[in-house]
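**Q** Before we start, here is the structure in question, set down as structure tokens.
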Amino acid sequence: MFAHGELRLYLLVLLLDGPRHGYELITELTRRFGGTYRPSAGTIYPRLARLEEEGLVRRSVPGEPGSPGVGRKATYELTPAGHAEIEARFDDVKRLERSVAETVRSLADEVRADVRDTMRGLRAELAAAAQEVRTRPRPGTAPDPRRTQSNSLRHDAEAVLQRFRNDVLADLREADVAGTVSALTVETLRTVLDSARSAIRGTLPHSTTSPPGRADRTEPE
């Protein structure tokens, strides 16, 4: 989600608005990413400890006399050195904020695409279930072996597609972390999938976009 050193800088930026608890920093990060990213405590607190060691933040420990953290969880606030660090890296801060905004848009698009795919798959499953009910043999009649085999093979095909999708998504996300996803990657994926879809449709001679029998029906004059 963040390149090396970026989360450290972003935590300093979040403290510009005033002291925060570690949990508040986690919550604010989650909010800024629209709920698509939530860092763990194991990610945030070690970095806060490092920032404290570097003298960039000050931790107010509950129980310390005069501490604003008395009776509460420990809070973190910027030191003068922390403010100076942000001012010295103003360009990096602006670039990081743009990067976060772009990441949020990308993640939101990905979520919307996943929702669309899920809904499309759900509609297909409902249509297949309805078709299966319609073609299910009536009590006392023998099942159609061809239909039974087709149903089994369809489930096998769906499992293959799901494994392919998961594998490709994993490869893309790993490459995205390294910043190596290119326009050629997208165009190759689109070309290969279009070709594969055409080839697969060629093995389905009775597959049409119309209900069975609709294509052969003629309207009376």
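**Q** Please list, ordered by chain and number, the residues whose modelled amide H lies under 5 Å from the amide H of THR75; skip anything fewer than 5 residues away on the same chain.
**A** Residues meeting the amide H criterion: SER60.
**Q** Tell me, what ³J(HN,Hα) does each residue in the stretch 29-41 have, in order and in whole Hz, if you take phi through Karplus 6.51 cos²θ - 1.76 cosθ + 1.60 with θ = phi - 60° and put x for Gly and Pro?
**A** Residue by residue, the stretch 29-41 yields 4, 4, 5, 5, 9, x, x, 7, 9, 9, x, 7, 4 Hz.
**Q** What order, most packed first, do the peptides 14-22, 166-174, 89-97 have when packing is the mean number of other Cβ atoms within 10 Å of each residue? Mind dumping the intermediate values first?
**A** Details: 14-22: 15.7, 166-174: 11.4, 89-97: 13.2.
The densest-packed peptide leads the list: 14-22, 89-97, 166-174.
**Q** Related question: For the stretch 157-162, just list the computed ³J(HN,Hα) in residue order, Karplus coefficients 6.51, -1.76 and 1.60, θ = phi - 60°, integers in Hz, with x standing in for Gly and Pro.
**A** Running phi through 6.51 cos²θ - 1.76 cosθ + 1.60 with θ = phi - 60° gives 5, 5, 5, 4, 4, 5 Hz.
**Q** Go through the stretch 8-17 residue by residue and turn each phi into a ³J(HN,Hα) via Karplus (6.51, -1.76, 1.60, θ = phi - 60°); whole Hz please, and just put x for glycine and proline.
**A** Result, ordered by residue: 4, 5, 5, 5, 4, 4, 5, 7, 4, 7 Hz.
Read-outs throughout are calculated quantities, based only on the coordinates presented, and are distinct from any laboratory measurement. Source: prediction; values computed, not measured. Here Cβ is always computed from backbone atoms with ideal geometry, including for glycine, and neighbour counts include all displayed protein chains.
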